[in-house]
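Comments concern the structure below.
What follows is calculated from the coordinates using simple rules that are stated; it is not laboratory data. Only a predicted model underlies this, so the values are computations on that prediction, with no experimental measurement involved. Positions of Cβ are generated from backbone atoms using ideal geometry, with glycine treated the same way; all protein chains shown enter the neighbour counts.
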Amino acid sequence: MVAPYSIDLRERIVEQSISSEFTNQEVADLNFVSISTVKRYKCLQAQHGNLEAKKPPGRPPKLEDKDLNQLEKYIEEQPDATLEFLCKILGKKTGKNVSVPTMYRAITKINISRKKKPVRPRTRP
């Protein structure tokens, strides 16, 4: 994910573009941004009075930090638990039902690497 430009850079771009010293194209070239970025920042400053970055789009995470802390404690107690089992336990404890891929991402987020295979009967005698 790409981080937004800093506030001081945004302010510098607007100040340079408002002054009659530079054209929008020259401001864009000086600051290594596109000309549409310069125009957008000028409009933001004129309309809203601030240049803060917007909140990134998308759905908020289903599991919060407190849920991840509970999950980490449970994994320390039961290190052999499968992802499916962890989904069921977390659903019972927090009321949040999550899928196996979501559980995998949550475990990856708390820096626990796991590779568990479900128990299967042997095919050879």
ask   = Among 53, 81, which is among the aliphatic types (A, V, I, L, M) and free of Cβ contacts under 8 Å to residues at least 40 places away in the same chain?
value = 81
ask   = Regarding residue 100, is this residue within 30 Å of residue 11 (Cα to Cα) and of a type in the set (Val, Ile, Thr)?
value = no
message = Could you go through segment 56-69 and let me know if any residue there is within 30 Å of residue 120 (Cα to Cα) and under 26 Å from the mean Cα position of the chain (by Cα).
response = yes
task = Output the residues belonging to segment 1-22 that are within 25 Å of residue 56 (Cβ to Cβ), of a type in the set (A, V, I, L, M, F, W, C) and surrounded by 12 or more Cβ atoms within 10 Å (Cβ to Cβ).
result = 7, 9, 13, 14
ask   = How many of the residues making up segment 18-75 are at positive phi and of a type in the set (Gly, Ala, Ser)?
value = 2
Count of residues meeting criterion [under 19 Å from residue 6 (Cα atoms), exposed (fewer than 14 other Cβ atoms within 10 Å of the Cβ) and basic (Lys, Arg)] in segment 40-74 = 2
request  = Answer yes if at least one residue in segment 1-8 is more than 27 Å from the chain's Cα centre (by Cα) and assigned to a helix (DSSP H, G or I), and no otherwise.
outcome  = no
